[in-house]
1. May I ask you to list the residues in segment 48-65 that are free of Cβ contacts under 8 Å to residues at least 24 places away in the same chain and of a type in the set (G, A, S)?
2. Whether any residue in segment 54-71 is basic (K, R) and either more than 16 Å from the chain's Cα centre (by Cα) or modelled with pLDDT under 90 (or both) is what I want to check.
3. Tally time: how many residues in segment 46-90 are of a type outside the set (A, V, I, L, M, F, W, C), in a strand (DSSP E or B) and surrounded by 15 or more Cβ atoms within 10 Å (Cβ to Cβ)?
Amino acid sequence: MGVQTRNTGIRECHWAVRLITLCFLVFLSIAAPADTLTGKVVKITDGNTLYVLDANYQQHKIRLAGIDAPERKQAYGLASRKHLASIVAGQRKKVEEVYDPEI
């Protein structure tokens, strides 16, 4: 009873290290939020690119992550642009930066 072997102590230590690591990663995700931008959508160039005007009247080109829309001169390019415009044109939106390795 109550006998602790060296292996048991090592396993408990590994478990504690994993828990501490998990807590640290959760803290980092909360402490380092992604860059955000809030502004009015002022221009739509195609189905996945738009421009946002911030509070300082500076325009920012925004490419929507995960959207593979045709360019304006490609088939359905105009329809894609019009659809995006019908959803967001003239509205105030909050944009969050996302890392995309394909860009």
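The values are calculated or read from the model by the stated rules, or taken from the named source; none is laboratory data. Everything quoted here is computed from the prediction, not taken from an experiment. When we count neighbours, we look across all protein chains shown, and the Cβ atoms used for this are built from the backbone with ideal geometry, even at glycine.
1. Correct list: A55 only.
2. Among the residues of segment 54-71, not one is basic (K, R) and either more than 16 Å from the chain's Cα centre (by Cα) or modelled with pLDDT under 90 (or both), which makes the answer no.
3. 3
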